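Data first, discussion second: the structure below is written as structure tokens.
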Amino acid sequence: MASFAHDFPFDPAYGRTLDDLLRVPAPPAPEDFAAFWKARHDEARAVATAPVAGPAEEERDGVRLHGVTFTSVGGVRLGGWLALPVDGPAERGFVIGHGYGGRQGAGADVPLPLPRSAAILPCVRGMGSRGLLPGVPEDAAGHVLHGVGSRDTYVIGDCVADLWCAASALQELLPQLAGPGRLGYMGESFGGGLGALALPWDERFGAAQLTVPTFGNHPLRLSLPCAGSGEPVRAHHREHPTVAEVLRYFDAATAATLLELPTLVAAALFDPAVPPPGQFAVHNALPGHRELMVLRAGHFSYEGLAEEGGELAARRTRFFGAWL
């Protein structure tokens, strides 16, 4: 198991070895799990996203970055960035999810994994800097509990729909990317968990990469202290134990049991924000082609982090090159 000097009041490796982590299962699905998500997907696919791309704001790493806005479920207008290749038309497309805290720009999501690619980098509802909404908390501790009293009002379901609508917006802006299996998905942490929930129902995606994905195995997560969004959920659960029934519908590992497209997972042995057992539960549940890169740590700075990040970037390029 991984070990680093730290000052957390708990063990971010949770006493698990790699062999232990590779045996963490997914919780069973509610009987109507698939019906619930298919209905949410149908609703999102019916949205007229009306995307608008603004002028180029930046050019680097082979792409021009434009501001973009689009409509999601509930008539909510969201923003983000659109990356278009500098030279020639886009031949591949990506939807790129972000971590908790949102995104201030394209950041490390550019360069894209493959040349001649386009991407939409949306800010999901409530998240900065282009997804802020009145009444939806921007901070992770408030956001992760927003509407959690019901599966129909929980903000995480709407954030998943925001990703589906972002895919629709990208394909409307670039019709050559329309059709089954034409898009790739990348998401880290919060974006990794949202991706696992979104992808089983959407034929437009051909491959995915999930890095340190959150929301895996909620029953286990509720027993593990952490420094991330899982901790306010644990506190809420102590006062409102019935929330566990709502969380069953938003379990990334449960959803992963139905995720058949090729998926690369980067999961960490040590992570104070997203407990590793939940990350590995997502990987372990995948029934189709899956690849695993074991990271020494997630959400934590350590010697060798840059080198490991470079190795993951190379793995990502090889993976999407083979499947998109």
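The values are calculated or read from the model by the stated rules, or taken from the named source; none is laboratory data. Because the structure is predicted, anything quoted here is derived from the model rather than measured. Here Cβ is always computed from backbone atoms with ideal geometry, including for glycine, and neighbour counts include all displayed protein chains.
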Within the stretch 65-82, can you find the residues that are under 15 Å from Gly54 (Cα atoms), buried (at least 23 other Cβ atoms within 10 Å of the Cβ) and touching an Asp or Glu at 6+ places or on another chain (Cβ under 8 Å)? Leu78, Trp81
Would you confirm whether or not the stretch 61-83 contains a residue that is within 17 Å of Ser168 (Cβ to Cβ) and among the acidic types (Asp, Glu)? no
Selection count where residues are touching a Pro at 6+ places or on another chain (Cβ under 9 Å) and either surrounded by fewer than 16 Cβ atoms within 10 Å (Cβ to Cβ) or not basic (Lys, Arg) (or both), scope the stretch 122-151: 9
For Gly105, are the conditions met, namely being under 19 Å from Glu57 (Cβ atoms) and part of a loop (DSSP other than H, G, I, E, B)? yes
Taking the criterion of being among the charged types (D, E, K, R) and either in contact with a helix residue (DSSP H, G or I) (Cβ under 9 Å, 6 or more places away or on another chain) or over 24 Å from Ala119 (Cβ atoms) (or both), would at least one residue in the stretch 44-54 satisfy it? yes
Restricting attention to the stretch 131-147, does a residue exist that is among the small types (Gly, Ala, Ser), closer than 20 Å to Pro51 by Cβ and within 12 Å of the chain's Cα centre (by Cα)? no
In the stretch 177-201, residues that are within 16 Å of Arg92 (Cβ to Cβ) and either out of contact with any strand residue (DSSP E or B) (no Cβ under 8 Å at 6 or more places or on another chain) or in a loop (DSSP other than H, G, I, E, B) (or both) total 5
Filtered residues of the stretch 3-33 (kept if of a type in the set (Val, Ile, Thr) and more than 23 Å from Leu197 (Cβ to Cβ)): Thr17
Of Arg77, Arg45, which residue is over 30 Å from Pro275 (Cβ atoms), out of contact with any Cys (no Cβ under 8 Å at 6 or more places or on another chain) and without any contact (Cβ under 8 Å) to a residue 12 or more places away in the chain? Arg77
Just for the stretch 77-108: of the residues that are among the charged types (D, E, K, R) and modelled with pLDDT of 95 or more, which one is nearest to Ala140 (Cα to Cα)? Arg77
Can you find a residue in the stretch 217-235 that is under 13 Å from the mean Cα position of the chain (by Cα), at negative phi and not hydroxyl-bearing (Ser, Thr, Tyr)? no
Within the stretch 2-23, considering residues that are in contact (Cβ under 8 Å) with a residue 40 or more places away in the chain and closer than 15 Å to Met293 by Cα, the one surrounded by the most Cβ atoms within 10 Å (Cβ to Cβ): Leu21
State whether the residues of the stretch 27-41 include one that is at pLDDT 95 or above, within 21 Å of Pro175 (Cα to Cα) and not hydrophobic (A, V, I, L, M, F, W, C). yes
Output the strands (runs of 3 or more DSSP E) that fall wholly within the stretch 1-98 and possess 3 or more residues being among the β-branched types (Val, Ile, Thr), within 25 Å of Ser129 (Cα to Cα) and under 20 Å from the mean Cα position of the chain (by Cα), or say none. 63-71
Residue count, the stretch 146-188 (criterion: among the aliphatic types (A, V, I, L, M) and either without any contact (Cβ under 8 Å) to a residue 40 or more places away in the chain or over 19 Å from His98 (Cβ atoms) (or both)): 6
